[in-house]
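What follows is a short report on a single structure.
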């Protein structure tokens with residue numbers, strides 16, 4: 001059987017095939033083309049046709065063993081705001097949660113600063129409320145106001161002040177569906193990370209109505225921080241149906257005897273999940289995650305720390321591998337949206353092979369707009385093509401048309417057009433001379449644009465290394481993606497890296513990473529920001545043991561079949577910045593405090609003489625697939 005790993009990017013779709021004899025073959029297609037409806041399916045069909053032709057068989061096409069995929073469907077929908085119409089149900093009094101956000105001001109000196117777009121404009125209050133009354137019931141409670149209940153962690157206590165009225169909730173949901181054309185529902189109530197009963201009650205009502213495409217509770221991500229938990233619930237509710245639609249469309253291309261089994265997707269945390277578990281918030285870094293997995297298993301095979309530099313057609317993704325394990329975060333921001341979901345620590349910059357090149361106000365400007373796959377750069381031979389980074393590399397001879405796929409032009413059957421790119425740069429040469437009086441050659445203009453592009457890509461690399469206390473020179477700079485190797489030497493010189501690594505399959509390394517990724521399941525639970533001591537650490541370890549059982553159950557795995565990583569999110573009392581710390585069964589409060597202090601000093605340059613708090617625990621179980 002033939003096994004496929006696919007990275008469907010914004011510009012190109014890379015397909016890697018492992019044949020029955022173990023031979024690996026690859027192909028690359030434009031993600032958007034008038035010649036076909038679905039690039040991943042077309043890539044599979046072409047490779048199977050080639051295999052049949054090479055074998056000399058005239059019988060039916062060879063059979064498919066499995067398909068693994070990374071896709072930008074969720075990423076694009078999140079950035080463009082094209083998810084399904086979703087309503088957010090919140091506790092009474094919190095209707096402005098999405099507009100108030102977390103009060104951060106990321107661009108404080110921007111004279112044209114704009115508020116981030118809320119993930120939905122439909123926020124509905126529900127008569128529901130519980131309040132935190134402290135662990136062990138130490139706070140004074142007026143029991144006449146409502147009963148006191150114990151949270152999921154067995155320690156925190158909450159007082160129920162208002163229970164949702166099911167009839168009123170049903171009527172409001174019917175109004176949203178009829179009058180507002182709402183397709184999906186997200187539910188986020190205060191303290192639901194520890195007491196999800198009210199969310200579950202409202203979710204049952206919504207699902208029983210049978211008119212909503214998806215219904216998501218914020219308690220599915222049982223972690224403190226109300227705003228990112230609410231946003232993540234909305235993202236899951238609005239994007240997951242798009243992923244289901246894409247999977248349905250992709251599978252419908254195959255005949256009954258050709259259906260890929262199993263069909264898996266790579267999630268933002270670098271693990272594989274079955275298609276039915278592929279949800280919106282865990283899909284936003286699906287493609288880039290495959291690249292980091294591939295870089296860690298190739299450039300980082302000797303235990304060396306690696307800077308992974310993935311330059312594609314639309315953007316570039318930068319991340320760091322410490323030589324031992326992939327770096328994960330549980331909170332991240334993408335397109336102004338705060339997400340609370342496990343994902344690899346990847347930084348994206350809008351500079352790729354398709355980034356537009358413009359001479360404006362006496363400056364060479366690169367991006368953030370992209371020519372995309374259609375019409376693409378000028379050298380793609382398509383009407384409306386615009387000057388882009390790829391054109392500069394073509395003019396400078398870094399891209400050789402004879403070694404590139406013949407997939408361009410109106411009929412997708414022509415090579416890259418070098419002369420068209422040179423003519424476009426010649427116009428910029430005239431513009432530069434007209435505005436500055438300086439006469440430059442086509443090559444000098446192209447080189448100038450590339451220097452700007454390289455600096456734009458060097459900045460996020462410094463952010464994941466120098467800004468966190470790591471010296472780039474001690475890392476291997478692993479470049480991949482369709483455009484990465486064209487820029488790796490210049491970036492290595494700029495950053496002081498002494499070693500660069502380009503894999504023989506660098507152009508499709510994300511697909512290779514998807515092929516090599518493990519099946520993964522995760523489970524997490526809030527710990528209530530308890531102070532670290534012997535008793536609380538023992539309780540946290542018991543929680544982690546229970547989470548491991550949950551995660552193993554999701555993988556249907558026996559104890560000996562999996563590897564496990566245990567994490568505690570730790571912070572100083574009185575601060576808001578936590579670090580995800582790796583622990584094991586033998587970790588002590590003293591060893592955890594020492595490890596936390598060392599990492600905090602490396603990343604932030606200081607430590608504080610304060611108690612440590614445990615925010616939540618997480619277990620990641622993986623199985624080689």
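Of the peptides 311-323, 226-238, the ranking by mean beta-carbon count within 10 Å, highest at the top, reads 226-238, 311-323. Taken over region 79-236, the percentage of Cα pairs per 10 Å bin, counting from 0 up to the bin with the maximum distance, is 10, 37, 32, 16, 5, 0. Take every Cα pair under 8 Å whose residues are at least 6 apart in sequence, average their separation, divide by the length of region 519-623, and the relative contact order is 49 percent.
According to the Cα-based calculation, Rg over Rh for region 519-623 is 1.01, with Rh computed by the Kirkwood formula. Take every Cα pair under 8 Å whose residues are at least 6 apart in sequence, average their separation, divide by the length of region 223-333, and the relative contact order is 18 percent. Per residue, the convex hull spanned by the Cα atoms of region 333-420 measures out at 155 cubic angstrom. Pairs of Cα atoms in region 192-319 fall into 5 Å distance bins, from 0 up to the last occupied one, in shares of 2, 9, 13, 16, 16, 15, 13, 8, 5, 2, 0, 0 percent.
Taken along the Cα-to-beta-carbon direction at a fixed 7 Å, the label points for residue 92 and residue 111 span 4.8 nm. Specify which labelled value, from (i) 0.99; (ii) 1.10; (iii) 0.95, agrees with Rg/Rh (Cα atoms, Kirkwood Rh) derived from the coordinates of the model shown. Among (i) 0.99; (ii) 1.10; (iii) 0.95, the one calculated here is (i). Working from Cα pairs under 8 Å separated by at least six residues, relative contact order for the chain is 13 percent. Computed across region 256-377, the Kirkwood hydrodynamic radius from all distinct Cα-Cα pairs reaches 16.2 Å.
Residues of region 311-349 with an amide N closer than 13 Å to a point placed 7 Å from the Cα of residue 554 along the Cα-to-Cβ direction: 341-343. With the crude spin-label approximation of a point 7 Å out along Cα→Cβ, what separation in nm comes out for residue 411 versus residue 141? In this crude label model, residue 411 to residue 141 measures out at 7.7 nm. Each of the peptides 479-491, 31-43 was scored by the mean count of other Cβ atoms within 10 Å over its residues; in descending order, highest first, they stand as 479-491, 31-43. Please compute the Kirkwood hydrodynamic radius over region 1-132, one decimal place, Å, based on all pairs of different Cα atoms. For region 1-132, inverting the mean 1/r across all distinct Cα pairs yields 19.3 Å. As a rough guide to protection, the peptides 419-425, 585-591 ranked by mean Cβ packing within 10 Å, highest first, stand as 419-425, 585-591. Taken along the Cα-to-beta-carbon direction at a fixed 7 Å, the label points for residue 582 and residue 423 span 5.6 nm. The mean of 1/r over all pairs of different alpha-carbon atoms in region 461-574, once inverted, gives a Kirkwood hydrodynamic radius of 18.2 Å.
Sorted into 5 angstrom bins from 0, the C-alpha pair distances of region 488-553 split as 4, 12, 12, 10, 10, 8, 8, 10, 17, 9, 1 percent. Here r is the Cβ-Cβ distance between residue 26 and residue 178 and R0 is 60 Å; the resulting FRET efficiency, rounded to 0.05, is 0.75.
Pulled fully out, how much extra length does the chain show between residue 251 and residue 277, if you take 0.36 nm times their separation in residues and subtract their Cα-Cα distance?
Here the segment from residue 251 to residue 277 would lengthen by 7.8 nm.
FYI, it's all coordinate maths here, none of it is from the lab. All values reported here derive from a predicted model rather than from experimental measurement. As a convention, Cβ positions derive from the backbone with ideal geometry for all residues, glycine included, and neighbour counts pool all protein chains shown.
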